[in-house]
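The values are calculated or read from the model by the stated rules, or taken from the named source; none is laboratory data. The structure displayed is predicted, hence computed values, not measured ones. As a convention, Cβ positions derive from the backbone with ideal geometry for all residues, glycine included, and neighbour counts pool all protein chains shown.
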């Protein structure tokens, strides 16, 4: 024991995270990374803040862009149920949110329902409501109390009554978690270029990396642009490279054109 040194022992409270990672092994994803010009969007949001004093969530705007791109290419958030393919009309997007209550951090999940039908401001307000709430609920769909109740069962029973069903039932999965998850890690390293890859079992996962200043050509002139690093992964079981590429191109067009930000000009 003398060669180990000092250490601390804490209760391990991430059993659910372990089982989410285990569930992710049943998805076979297509991965893609890109650098997208967000200069115009950031300019609009900065000007709005200077005029009103309100900071609009960058993630809320990205959520709107993603939701519209999915709505335009619905096949990308389809899910298999036995020999059938379920293609949803409404786009429900899951956003992990970390909030601080009495000096402690609590992970929470917001599922933005019908995100394609909502404005950026509506999505922004939903995010702020969750962030500023004083509840430590694990999600907007299922309470922490219910999850604790589930984890009183042995693992084989949890797998039988919950995880197996969630894996095989697209309707249950959409009701609980949506069909797309957007994770932002750029806030932890502002000004730095970089991508991230997450785990999960939804049809679509998008990770927003850093925003960095980079040179880009406008005609023959070299100018400084704000460039977002973004990672997209899509379920290869339900879609091929063609639909995946069309979705990615559509998403890039929305982001680089500052889609849906007219209300802030």
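Check every one of the strands (runs of 3 or more DSSP E) wholly within region 150-265 and list those with 1 or more residues that are within 19 Å of the chain's Cα centre (by Cα) and more than 22 Å from residue 110 (Cβ to Cβ).
204-218, 221-235
Restricted to region 22-68, and to residues that are over 16 Å from the mean Cα position of the chain (by Cα) and within 30 Å of residue 169 (Cβ to Cβ), which residue is modelled with the highest pLDDT?
Here the residue is 30.
Considering region 241-259 alone, what residues qualify as being in contact with a helix residue (DSSP H, G or I) (Cβ under 6 Å, 6 or more places away or on another chain) and surrounded by fewer than 21 Cβ atoms within 10 Å (Cβ to Cβ)?
Result: 243, 250, 259.
Does residue 191 satisfy being modelled with pLDDT under 95 and out of contact with any strand residue (DSSP E or B) (no Cβ under 9 Å at 6 or more places or on another chain)?
So residue 191 does not fit the description; no.
What pairs come up if the first residue lies in region 171-184 and is on the phi > 0 side of the Ramachandran plot, the second is buried (at least 19 other Cβ atoms within 10 Å of the Cβ), and their beta carbons are under 6 Å apart, counting only those six or more places apart or on different chains?
What qualifies is 178/92; 178/93; 178/94; 178/111.
From the residues in region 22-34 that are assigned to a helix (DSSP H, G or I) and in contact with a helix residue (DSSP H, G or I) (Cβ under 7 Å, 6 or more places away or on another chain), which one is surrounded by the most Cβ atoms within 10 Å (Cβ to Cβ)?
Per the criteria, the residue is 23.
Please verify whether residue 198 is free of Cβ contacts under 8 Å to residues at least 12 places away in the same chain, surrounded by fewer than 17 Cβ atoms within 10 Å (Cβ to Cβ) and within 20 Å of residue 29 (Cα to Cα), treating the condition exactly as stated.
No: the conditions fail for residue 198.
Going through region 1-21 one residue at a time, which ones are surrounded by 10 or more Cβ atoms within 10 Å (Cβ to Cβ) and either at pLDDT 95 or above or over 24 Å from residue 231 (Cβ atoms) (or both)?
If the condition is that a residue be surrounded by 10 or more Cβ atoms within 10 Å (Cβ to Cβ) and either at pLDDT 95 or above or over 24 Å from residue 231 (Cβ atoms) (or both), then 15 is the only one that fits.
Residue-wise test of (1) in contact with a strand residue (DSSP E or B) (Cβ under 9 Å, 6 or more places away or on another chain); (2) in contact (Cβ under 8 Å) with a residue 40 or more places away in the chain.
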| site | (1), (2) |
| --- | --- |
| 4 | no, no |
| 12 | no, no |
| 26 | no, yes |
| 31 | yes, yes |
| 35 | yes, yes |
| 46 | no, no |
